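Visitor: What follows is a single structure, and I will ask about it in a moment.
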Amino acid sequence: MGKRLVKWFTFTVLFAFIPLFSSILIRYLTGRLSFPSHSDTQEFIFFSLMICSTSIGDLLDFLPQKEWNLLIRITWSTLLFCIIMSALMYGSWVYENTLSLGPAVFKDNLLSVSVFLAGSLFILTLAIQIFIGKAEQPE
C-alpha cells in the first residue's frame, strides 16, 4: 500500500500542482506575489481534474478483479460528476476572462469553490488510493 501511495502522490498530486507552483513562481519573480489569486483558479480546477481522472483510472484497473458493490459505484459516479463540474467551472472561468462581464464577486466565488473542490477531492482520492492499496494486499 505504501508503494501505491508514494506513486500516486508523486505522479498525480505533485505533477498536478506544477502549474500552480509555476504560476506562483512567475508572480514572485515579477514582484506580484499574492496567494491565492484569481489567476490561480484554473490551476486548482486542473488539480481537481487530474486527481479525479487518475482515481477513476485506478478504480477501472482495480474493478475487474472485484465485484462492483454499491460504494464503489457511488464513488466512481462521484468522481465522474466532479470531472464534469470541474470542466464546467473551467469553461465559466474562460468565459468570464474572455468577456469580463461578470462582477468581481464571481471570480472570488469561483476561486473559493475551486479551492474547496480541490481540497475535498484530494481527501476523497486519498481515501480511494488507501482502499485500493488495502484491497490489493494479499491476505
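Bear in mind these aren't lab numbers, they're just calculated from the coordinates by the rules spelled out. These numbers were taken from a predicted model, which means no experiment stands behind them. Please note: Cβ atoms are built from the backbone with ideal geometry, for glycine as well, and neighbour counts cover all protein chains shown.
Visitor: Please work out which residue is nearest to T98 (Cα to Cα), limiting yourself to region 27-83 and to residues that are in a helix (DSSP H, G or I), without any contact (Cβ under 8 Å) to a residue 60 or more places away in the chain and of a type in the set (S, T, Y).
Guide: S39
Visitor: So which residues in region 1-26 are in contact (Cβ under 8 Å) with a residue 40 or more places away in the chain and touching a Phe, Trp or Tyr at 6+ places or on another chain (Cβ under 8 Å)?
Guide: Passing the criteria: only V13.
Visitor: Suppose we filter F122, F35, F47 for residues that are surrounded by fewer than 12 Cβ atoms within 10 Å (Cβ to Cβ) and within 19 Å of A16 (Cα to Cα); which single one remains?
Guide: Of the residues listed, the single one that is surrounded by fewer than 12 Cβ atoms within 10 Å (Cβ to Cβ) and within 19 Å of A16 (Cα to Cα) is F35.
Visitor: Next up: Would region 85-92 turn up any residue that is closer than 20 Å to F15 by Cβ, part of a helix (DSSP H, G or I), touching a Ser or Thr at 6+ places or on another chain (Cβ under 7 Å) and of a type in the set (F, W, Y)?
Guide: no
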